[in-house]
Structures are given as structure tokens and as C-alpha cells.
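What follows is a single structure, written as C-alpha cells, with notes after it.
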């Protein structure tokens, strides 16, 4: 007999999400992930000064704001034909590293750990399910780390502010790199914090995730999904350093190839948008939100690469960079996020060593009358792209495809489910009245529905949008 | 003014937060402070204020949780999910509680542009939740620009028809803490004041005077450059950023002395203009954030 389970809200994520699954004989047979929030950033950006995009788009997301400043700076550099000095790249990427550290530490301890560890200090951590398996001393130790970790995620934001002014919503990242210069004082300020964070990761975070994995070993067999992996590249293509992490790559059925941005499409068959008939300039066309649309169930659209749904994020990056080969599952995803946190500290250390004090990378920039550009890079949750057009020195078009749009996409006209939806199919549910499995699997993707559902992009009659 | 903390020098860095925290600690020992229930509602926004709140240092989130409030509901942090989470929210309404709201209230489609959960099998919109919880709250804190006046969620053309919290609760008193995001000290310091001494003194726009009394421009360390007419021409310059569009002259908040993230830096310290994120009207009234050409001759003004 089939049964429907609706979880709304899925807590401990950024933003609002509902999950609607059908189970048959205690196994998931269908799943829909639904984005439940819409603000319409891309519509808001039209008519604004292109320079303002860097600060404005950060407001899409409180936990990954620097990511949007990175992507919009890259897009503007492309549109303005500016090549940043390498010192600018290093400084900006250091800020981005700080955000990775803040985000991953918080996602692991504040969002993931309460799924597996019974934190008894406070009623905030009461759960409905009782599938807690850790021995008491281990459970208590990791509970304490929930609180200990707050200091380190806070310090990660402090490092970010040393170069970026403040966090969330930094001011430092801009066209050309950042707005401040390296000094010995700043470098040691950051490095002294970095040493402490790296120690916390080695001594606490990595042992904690492997202890959890040991007692929840069945999660290595859950939440796999299609297994298609994609990255736009991260900390790569430095002039002298080469690639410190991963190049732009995709993997389908285990075969890896170079990523080609012309193969991205975005579909809206099942998203709350209506298309407009006229399409002289399809990329300029603006769709209207439409919650009454038949079949539609979410604010999240469906990006596809060569027509297929892809997984993005730390696990995709680790596998594509050759640093991880255990498999693709909910637990692998969580482990990968923790291992990547360590990797980021190592990258950051290298970047800090390249800094030359006192180099001002800023210039007085001129806006072209018209132009277009795009910024594609991997950020905490995976592949993030900003596409923009400038007309009369104003933004005339802006499109954002976030990592969570990839992972939490709706289904499409070809019958493919979204990546996370597919990952739920076949999951055994122990107790359908108190299902612990669904939330655990979805959180392994680190959903950011603030990002995924704040986008607003053009459609055309065929409901398939080719992005440039 | 009675109760106002002066002179401004005493507001530097952690002064207020530490003063309030140490008093709170003492009071707790003497059992003067009683933990109160807090409902933290996230509506149409980026959840950046609760992330900023996690950046709190003195006090930090752990202290807040253990010594200041019983946090009954938080979409970002609570372990419960789905129906059980919403049950906790509804049950919390039975007793006295402080309501903190971040994010704007989306009015479009009767609130359906922002669904915060399912209640009795039906979608619970941010609009419904804000009205229902706001009516019964003993105190209301509007946290961050979206909650105080719509903020970025209401930026033109405002596709979700977002408004600030006051618009849907016109008759309720509320303390407004604008900022994008709020500084953790502004939120936690105000909360401490509520718990220890009741509502803090506010200005005629409901902002606590202890944080929002003074223009950034009046305490800006780069003020001497302004007074001598030495202006930055690009981001990254170390002089007055007025001609790049700095909103310090219209923004009342204590960033110059308090600074951010452990009090290490702030936007002007990072050689960028203040964009007025703690001022009503942000972002549209503060745009463009950055311009290289504000020295044009302005007519009709």
C-alpha cells in the first residue's frame, strides 16, 4: 500500500523547502522537492548600475553571500574586459576560502550533526525520530563539538572580514579582486586563525564525521542518485600555481570530460513560471511567475547539461579532482564536505604565501554602453553561474543558476527527476510515521533554497532555455 | 536624556555588549533574569541575520540559548522538521513569548510566495504566521532590513510584493533593528535589555538609541579627510569615500566604533563606501551603491 509523506518545513537548511514523497512497501517510489520562496532577484537587478550587482546579489543568500560577489565580479570582469592582477585573484580567493570554511563547519555541526547525534543540552534539539545510535560518550563528545564549533565558524567569518570588511555580505570582493591590500598584520591575523581552524578540523571534525559514518554505515548505500557529477572548477588556472583543486569537469556514467558551458540548458516545465510567446531575443525575454500553472510544483527550475541532471558540490569536486573514490551516497557527501574543509585550509595557506604587501589592485572602472558577460565558478555548494547584459550602462538582463538549482531541480519534459529527487528513490524507510532518512539524505546536499528559489530567468515558448 | 548611554566614547567596540552581558550574568546568578521563550521566525529573506547572530561573540549563541532565552522555533537551527516543527511553533503561542522576525512579509498571492511550513495539511504562509504570532507576542523584534521595512526583498519592482513587518501588524509596538544583516550585538544587546530592564529607549522610528543614535559620518575615522576635502577616486583608496557614494552621512548606526566580526573591520575600513544597509529605504533609496561620478553638478536640489 502506498503512502504519502510530506515534510514541510525541512529545517536546518537555508531557506524554505518542502519534500513530498510516496512510499510503497516502506520504500520511496516517488519524490518531489519543492522550493517555497520567491523574491525575483533577476527582475530586481534590471535597470540597476552594473557595479551594484556585486553587493546586491550577495543578498540572495546569508550563508553563502561571498559566492555571489565572486560570480558577479567575474561576470562584470568578463563584460568590462578586465583581467584582474594575480594578486587580486589570490586575495579574492582567500575571501572565498573563508566562506567555504564558515559554511562547511556550520553545515556539518549545526545542520547535519543533529540528524545523527542526540543533543540533550536544549529543547531546541528535540526530534521526532529516535534513531540515535552513537555510544553515550561519543554522542556527548560530538554534542559538545556542536557548541565548540561555533567559535571556529565565527572565526572563519572574522578572517573574511579582515579582507572583506564584514560578513555576511562583504564589501571587499569587487571587480579586479578586492578593495584592500595585504599587509603583514592582516596576513598573520588570518594565518593565526587559520592554524586554529585547521587544528579543529583535524582533531575534531574529521574524527567526528568518521565516527558518525561508522554507526550509520547504511547511509553509504542511500541517497546515491544518478551519479552524474559536474564542476565549473575551483581554485584553478592560476598563472603560476596552476590548479590547486579542480578544473572544470563533468562525469557521466564514470566517463570524465571537460566541461563546456554551451551545453547548459534550463527547463521550466514543472516550475512556477509562464512563458511568453514572442521570442525575437530569447535571452532577453522575461517570464512571469505563475503559481497556477498546471503540473508546476516548485520555484526551482531545472538546469540540465547535455539534457541530463547533474550533482554539484564537495563530493562532485573531490571525485572529479581524483581525491576521493569511495562512492556516491548520502554519507559520502557528508564525509566529502568535511574532507574538503581540510583541503580548503591547505589551499588558503598556499594563497596566503603568495601575497605581496601593499599592492592596490583597484582602478577607476568605466562602463561600456553595452556588453555581456558571465562568471562561472564553483562555490561551497557547487557550480554557480551569473550571466549579465549591459545596455545604456545599466543592467538589462541578469540570470543566476545556483548550485542548489542543480541539486534541487524540478523534473523535466524528458522524464528526468531532479538530482536530489532521484537520490531519494529506493530509500528504505524504517518508520514511515517518523522518517529520519529523508531529511538526512536531503541535507547531505546542503540545500540552499534561499539561493535556488530566488532566481528568475527568461523563458521562451519551447520551455527550454539555452544559456548563451 | 534619561537612560541613554553617553558619551559616545563608551560605545566603542564591545563596550555595550560586554556591559549588558556581565550585568545579565550577575542578574542570572541573583535570579533576577528569567529565561523567556523566544520564537525566531524567518520569512522572505536570505536568512543572513541568523547567520550573523551565530557570529555573536559576547554573548555568543550558546550563552543566548542557555542563559537568555528558550528558543522555541528556528527554521535554521531546530532539530525537529515538518509537522513536528510547526507543532512546536503553534504550541509556543500558548505562553508568553518574544517574537523575533527576520525577512520581509510577502503579500503576493495572499502570501503564497513564502510558505514556511504545513499546518493542518495546508500551507502556512509567512504572512499568516507573522500576523498570528505578532498579535500574541509580548515583545516584537524586527531583525534586519527586510523585516524593518522590506529591504532587499522589497527592492523594485518588488515581484513578491514584500513589506516590512509593521505593515501587517500596524497597531503593534515593535523594536526595529535595521541592517543587512543585523550586527549580532545589535540583536543580542537589545534582547538583553528586554530581559533585564524591559524595552530599551528608541527613537521615533523604533530603533534602540544605544545602537542607532549617531550618524556614521559623525564618528567616521576618515572624517578629517572629508573636512579637508580629500576624496577617494576609486575603491581601495584610503581617504574619504563620500564622492564614491558613501551613505555614512545619512546612516545612523555605530559601525565606526563597533565594527564587525569580532570588531576587526567594517566597510569603510575596507576602503569601500557605506551603502546605508542600516538605514530605512535600503537598498533602493541608497542606490547606486558605487559610482565613480558623483562629482557632477546637481541641478534642482
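Coordinate-derived values only; no laboratory data. Here the structure is a predicted model, which is why all the values come from computation and not from measurement. Note that we place each Cβ from the backbone using ideal geometry, even for glycine, and neighbour counts take in every protein chain shown.
Quick notes
- For the protein assembly as shown, the C-alpha radius of gyration divided by 2.2 N^0.38 Å, with N the number of residues, is 0.88.
- On Cα atoms only, tilt of B:126-136 relative to the major axis of chain B in degrees: 70 degrees
- Spatial extent of chain B: Rg and Dmax, with the Cα atoms as the point set, Å: 20.0, 65
- With each label modelled as a point 7 angstrom along the Cα→C-beta vector, the residue B:204-residue A:240 pair spans 6.0 nm.
- Estimated from the Cβ-Cβ distance and a Förster radius of 41 angstrom, the FRET efficiency linking residue A:394 and residue B:19 is about 0.30.
- Compared with the dominant principal axis of the Cα atoms in chain B, helix B:15-29 is inclined by about 20°.
- Counting only other chain Cβ atoms within 10 Å of each residue's Cβ, the peptide B:48-61 averages 5.
- The smallest convex shape that holds all Cα atoms of region A:49-180, its convex hull, gives 122 Å³ per residue.
- Kirkwood Rh in Å, taken over all unlike Cα pairs in region B:83-135: 11.6 Å
- 22 Å tail of the calculated P(r), region B:216-286, as % of Cα pairs: 15 percent
- Between residue A:123 and residue A:342, the contour length at 0.36 nm per residue exceeds the Cα-Cα span by 75.7 nm.
- Averaged over A:52-65, number of beta-carbon atoms from partner chains that fall within 10 Å: 6
- Nitroxide proxy distance, nm - points 7 Å out along Cα→Cβ at residue B:167 and residue A:82: 3.4 nm
- The C-alpha atoms of chain B define a longest principal axis, and helix B:184-197 lies at about 60 degrees to it.
- Whole-number D in µm² s⁻¹ for region B:178-301, Kirkwood Cα-pair radius fed into Stokes-Einstein, 10 °C, 1.306 mPa s: 103 µm²/s
- Each Cα pair under 8 Å and six or more residues apart adds its sequence gap; the mean of these over the residue count of region B:216-286 is a relative contact order of 31 percent.
- Estimated FRET transfer efficiency (residue A:1, residue B:120; beta-carbon r; R0 30 Å; 0.05): 0.80
- √(5λ) per eigenvalue of the Cα gyration tensor, region A:51-129, largest first, Å: 37, 14, 8
- Fully extending the segment from residue A:262 to residue A:349, taken as 0.36 nm per residue of separation minus the present Cα-Cα distance, adds 27.9 nm.
- The mean sequence distance of close C-alpha pairs (under 8 Å, at least 6 residues apart), as a share of the length of chain A, puts its relative contact order at 27 percent.
- Rounded to two decimals, the Cα radius of gyration of region B:142-189 over 2.2 N^0.38 Å is 1.17.
- Taking 0.36 nm per residue of separation and subtracting the current Cα-Cα distance, fully stretching the chain between residue A:188 and residue A:214 would add 5.6 nm.
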